[in-house]
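Novice: My questions all concern the structure below.
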Amino acid sequence: MKLFRLFHVLCQIGLFSPVACFRLLYSICTYGINLMALLAFSAKMYRDNIGLKDERESLTYHQLFVQSEKLGVLLGEQFQLGSGKKVGVICKNHASLVKAIFAVSWTGADLYLLNVDMGQIQLNNILARHAFDLLIHDEERSEMVQHSSFSGATVYSYHHTLPAINNFLFSSMRVIQRRRMTSSGRLVLLTGGTTGNVKEAAHYPSLFHYLDPFCAFVTRLNVLHRHTAYIATPIYHGYGVAVLLLFCALGKKIVIQSGFDAQKACRLIREQQVDVVTVVPLMLQRMLQTSPFDLKSLKCIASGGAEINSKLVKETVNQLGGVLYNLYGTSEAGLITIATPDDLNCALHTIGRKIKGVRLQILDENKQEVECGRIGQLCIKNRWSWRKRAADWIETGDLGYRDRQGYYFLCGRADSMIVSGGENVYPFEVEQILLTHPQVDDVGVIGVPDEHYGQRLKAFVVLVPDTDTTRGELVQWLHAQLARYQMPKEIIFVDRLPYTSLGKKDKKLLSRSAYSSSSFWRR
């Protein structure tokens, strides 16, 4: 039944052929159900096509496979990796990270992708909680690792002399390739940003579990006939690693860089003639501000990982045409909805319609489903989530609603809603209104205590450069746009807003700065 469904999906997306099916089955029978089987399939299908390019090297799919396989043998033998073992990875986007993901998956060990921008305290907590058998990290993170209590084995991603992935692969050490079938360990993603406590979302890589999101991504984004994909989002994030594996299965040329810089990203897109890019909205905004001309080769911009605003949607369409797709998902539940350019033309900030295989309910605080147009928490159930029991509903923590056309919309996080004078107030809605003002470039809205109403809103506004709107003028404009209880108690003009490394507004930092002077406030 599972194989029949797999072949049915391959037919749907135009990848079915006797040769492709034979190579897929051969890869699974040789390596087992793990990510190495996927790479082995890609190496057979797209052998001499460029598979991965970063600042250091350019690899064909065959070269990437051979090196990842060798690395898997070396890591397995030297560190006794296998089922029940744990490997932590703290790496930016580069070829060594990609090789490590495939190699560790083949050993059967659990792979933990850690945020490279986490602080010392958070790293200490994670290392104390998990007895990693091996820690792979960039050289820039070595000082943090040394200042932690971790005493296990460590390997650099790159280093001139010390044990590192690049040294393992290109040393004169002879390795006897022992191909073997293994069951993949878990791929564990950490959620919760770069500060505070994190949650873990564990996934078991399986071709069969992820057929629905794979099919939805390929068909709705029409990526089958694209050639070059630039993954601008961090691979350690669920969005980044998911599209890496998907593009690998499709045989695309995958381009990555170790960090995001708008000017470098624009130049890369122009020089490599990238036609598919994965971004968070902040990345897209900065690239459009830097050089929209360099982005003309793009046929698909897959935005995800954070909420997009209607002003950015309009600007993208005006500059580049109908190439923007808005994706919504979570680390726990994976891909949930997709908005196509046509969907965004109908509703500028929709997250689209749910994909096949997803059950989505919008529930109120009493866990009762709300009617169309009413705001509640988005709760998900699907076949590919990390939850052990299929009966479990996943509470996303995101607020939203569905209209009568079946479009879904986000209204911010559940913990961001405030009650002001007995009314539920959603900061996200006020942000969206403020962004329609022609002289507002960016905005962040938070709740603050108020002695009369319990809570009120406070807005931090970034103005378009060389504009002179006053607070009084903005307040007067808002009176015509908002209900009384939605009006911000205070508006602060700032030069910039704080964002996390994943491109989300850092509301925690914004809340702390609300009660004291801050370096990014406009003087």
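Only the coordinates and a few stated rules stand behind these numbers; no lab work does. This structure is a prediction, so every number in the text was calculated from the model and none was measured. Neighbour counts are summed over all protein chains in view; Cβ atoms, including those assigned to glycine, are modelled from backbone coordinates with ideal geometry.
Novice: By average Cβ neighbour count within 10 Å, what is the ranking of 401-407, 71-77, 260-266 from highest down? Please report the intermediate quantities before stating the final value.
Specialist: Details: 401-407: 14.6, 71-77: 21.0, 260-266: 17.3.
Those peptides, ordered most packed to least, come out 71-77, 260-266, 401-407.
Novice: Output the 0 to 90 degree angle, nearest 10, between the alpha-carbon long axis of helix 120-129 and the longest principal axis computed from the alpha carbons of the chain.
Specialist: Approximately 50 degrees, to the nearest ten.
Novice: Give, rounded to the nearest 20 debye, the magnitude of the charge dipole that the chain has about its Cα centre when Lys and Arg contribute +1 at Cβ and Asp and Glu contribute -1 at Cβ. Let's see the in-between values first.
Specialist: Working: 59 positive and 46 negative charges, 347 e Å.
So the magnitude is around 1660 debye.
Novice: Report the one residue of Gln405, Leu268, Tyr61 whose Cα lies farthest in the direction of the positive end of the charge dipole of the chain (charges on C-beta: Lys and Arg +1, Asp and Glu -1; origin at the Cα centre).
Specialist: After comparing all options, I get Tyr61.
Novice: Please pull out the direction-averaged projected area of the chain, using the convex hull of its alpha-carbon atoms, in nm² to one decimal place. Present the calculation step by step, with values, prior to reporting the outcome.
Specialist: Working: hull surface 101.6 nm².
With every direction weighted equally, the projected area is 25.4 nm².
Novice: Dipole of region 213-414 (Lys/Arg Cβ +1, Asp/Glu Cβ -1, origin at the Cα centre): which of Ile336, Leu250, Leu320 lies farthest to the positive side?
Specialist: Result: Leu250.
Novice: I want to check the label-to-label distance for Gln263 and Glu490. Put each point 7 Å from Cα in the C-beta direction and report it in nm to one decimal.
Specialist: 3.7
Novice: With r as the distance between the Cβ atoms of Arg404 and Ser58 and R0 = 41 Å, compute the FRET efficiency 1/(1 + (r/R0)^6) and round to 0.05. Can you show the working numbers first?
Specialist: Numbers: r = 50 Å, r/R0 = 1.22.
With R0 = 41 Å, the Cβ-Cβ based efficiency is 0.25.
Novice: For a quick protection proxy, order the peptides 497-507, 288-298 by their average other-Cβ count within 10 Å, most packed first. Let's see the in-between values first.
Specialist: Numbers: 497-507: 18.8, 288-298: 16.1.
Per-residue mean Cβ counts within 10 Å order the peptides as 497-507, 288-298.
Novice: At a 10 Å Cβ-Cβ cut-off, how would you order His237, His227, His479, fewest neighbours first?
Specialist: Values: His237 21, His227 17, His479 10.
Placing the least packed residue first, the sequence is His479, His227, His237.
Novice: Moving on to the next point. How long is the gain from Gln273 to Cys21 if the chain were fully straight, where each residue apart is worth 0.36 nm and the alpha carbon distance is subtracted? Let's see the in-between values first.
Specialist: Values: separation 252, 0.36 × 252 = 90.72 nm, distance 3.07 nm.
Length gained, Gln273 through Cys21: 87.6 nm.
Novice: Can you tell me, using C-alpha contacts under 8 Å and at least 6 residues apart, the relative contact order of the chain as a whole percent? Don't skip to the end; give the middle numbers.
Specialist: Details: 1031 pairs, mean separation 51.6, N = 523.
Relative contact order here is 10 percent.
Novice: Give me the dipole magnitude in Debye, nearest 20, for region 213-414 about the Cα centre, with unit charges on the beta carbon: positive for Lys and Arg, negative for Asp and Glu.
Specialist: Working: 26 positive and 17 negative charges, 105 e Å.
Charge dipole of region 213-414: 500 debye, to the nearest 20.
Novice: Among Leu284, Leu434, Gln455, which residue has its Cα positioned farthest towards the positive end of the charge dipole of the chain, with +1 placed on the Cβ of Lys and Arg, -1 on the Cβ of Asp and Glu, and the dipole taken about the Cα centre?
Specialist: Working it through, the farthest residue towards the positive pole turns out to be Leu284.
Novice: So for the pair Asn318, Thr467, with labels modelled 7 Å out along Cα→Cβ, what separation do we get in nm?
Specialist: 1.1
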